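Here is the structure we will look at, set down as C-alpha cells.
Laboratory data are not the source of any read-out in this text; all were calculated from the coordinates shown. Nothing here was measured: the structure is a model prediction, and the numbers come from that model. Quick reminder, even Gly has a Cβ in these numbers, built from the backbone with ideal geometry, and neighbours come from all protein chains shown.
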Amino acid sequence: MALKADLHLHSTYSDGKLSVTDLVPLAARRGLSILAITDHDTVDHYPDSLASAASNGITMICGTEFSTRLGERELHILGYGLDPTEPRLIRHIESVRRRRKERAHEILSRLNERNVRIPHDELEEVPHHKTIGRVLIADLIYNYGYVRSLDEAFDVYLGDNGSAFVPYSPADALKVIQLIGELGGVSALAHPSREEVEQCVDPLCEAGMHGIELWRPGVYRSTANAIRGKAHQHKLIFTGGSDWHYEGGRLNLGDFHISSSRLAPLFEMLGVTPGITVN
Ligand code: AMP
Ligand code: MN
Ligand code: MN
Ligand code: MN
C-alpha cells in the first residue's frame with residue numbers, strides 16, 4: 001500500500017514554529033506516515049523526533065538541510081540518513097553555529113547604528129540547538145517593538161537589500177556533499193530553481209551528489225523537466241517535501257505529500273522500510 005511521505009519539514013530546532021513533539025502527532029493525524037524533519041544545519045531534532053515517531057506510528061528519517069555556497073550562490077543541500085552522533089558531522093555543525101553567531105552579532109551592531117537597540121546578550125540566551133539566523137533576529141526586532149511585522153523587519157533591515165543585511169558565508173557545497181557521502185548519508189539539492197539545475201547540478205554531481213528534490217509544492221513544469229533531464233544524465237534519485245515551517249502559511253502540514261512508491265530508490269539507499277517505525 002502506498003503511504004504518504006513528506007521529507008522536507010522544519011521544527012523549532014531551526015526556524016519552524018512547531019516543536020517536534022507537536023509536529024509528529026499532527027502529521028500522523030493528517031495522514032502522513034513517513035517524515036524527515038530537515039532543520040537547518042542541525043541534527044539535534046532527531047532523538048526527540050524518533051521517539052515521537054515510534055509512539056505515533058510514523059517512519060522517521062534523519063534529515064538536515066545544510067546551508068552551503070557554490071561560488072557566489074547559496075545552495076541548500078539536504079542530507080538524509082546521517083548518524084547524529086558522528087563526530088565529523090558534529091564538528092561541521094558546531095563550526096556553522098559559531099559563524100552564524102558571529103554574523104548575528106554583526107547584524108545587531110549594524111541595527112544599533114540605525115537606532116534599533118537589541119542587547120547582544122539576547123544571542124547568549126538562545127538555546128544551544130536553535131539556529132541563529134535572520135528569522136530569529138526578525139523576531140527580536142519585532143518583540144522589541146521596532147517593527148509591526150516580521151515582513152517589515154525583512155523589508156527594512158534584514159532582507160538582502162535591507163540596511164542591516166550581513167551576508168552569511170556558509171560551507172562549501174562540494175565539501176558538504178563529500179562529507180555526507182563519506183558519512184554514509186544521501187545528499188540532494190533542495191528546491192532547485194531552473195537556473196540552479198542548469199548551472200550547478202553538474203559540479204555538484206562531480207562531488208558525488210546522490211539526488212535532487214523534484215516533488216515540492218508549486219514547482220514549474222519547465223523546472224521539473226530540467227530536473228528530470230539532469231537526473232537522467234547523472235543517475236540521480238528524486239526526493240521531495242513541502243518545506244513546511246508553520247500552520248496558517250502558504251500550506252498546512254499534510255496538504256502536500258508524496259506517495260511512498262515514488263520514493264522507493266531513496267528508501268532503498270537509506271535502508272528504510274516504509275511503515276516500520278524504528279529502522
Ligand atoms: P539566514 O540563513 O539566516 O540568512 O536566513 C534565511 C531565512 O530567512 C530563509 O530561510 C527565510 O526563512 C528567511 N527570509 C529570507 N528573506 C526573507 C524575506 N524577505 N522575508 C521573510 N523571510 C525571509
Ligand atoms: Mn527555513
Ligand atoms: Mn531551503
Ligand atoms: Mn527548508
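Taking every DSSP beta bridge that has both ends in the chain, the antiparallel portion is near 45%. The lysines whose alpha-carbon is closer than 28 Å to the alpha-carbon of residue 130, local same-chain residues fewer than 8 away aside, are 17, 101, 175.
Dividing the mean sequence gap of close Cα pairs (under 8 Å, 6+ apart) by how many residues the chain holds gives a relative contact order of 25 percent. Seen from every direction in turn and averaged, the convex hull around the alpha carbons of the stretch 178-234 projects onto 3.7 nm².
Just to compare against my own numbers: the Cα pair-distance distribution for the stretch 92-158, 5 Å bins, whole % per bin, please. P(r) over the stretch 92-158, rounded to whole percents: 4, 18, 30, 25, 15, 7, 2, 0. Distant-in-sequence amide contacts of residue 171, defined by a placed amide H-H separation under 5 Å and a gap of 5 or more residues or a different chain, comprise 69. I want to verify the translational diffusion coefficient of the stretch 105-224 in µm²/s; compute it with Stokes-Einstein, Rh as the Kirkwood radius over Cα pairs, at 25 °C and 0.890 mPa s. Using the Kirkwood radius from Cα pairs, D works out to 144 µm²/s.
For the stretch 148-238, state which trypsin sites (Lys or Arg not before Pro) are in a DSSP loop and have at most 12 other beta carbons lying within 10 Å of their beta carbon. Hits after loop and neighbour filter: 148, 235. By the Cα gyration tensor, the chain has an equivalent ellipsoid whose semi-axes, rounded to whole angstrom, run 31, 22, 18 from largest to smallest.
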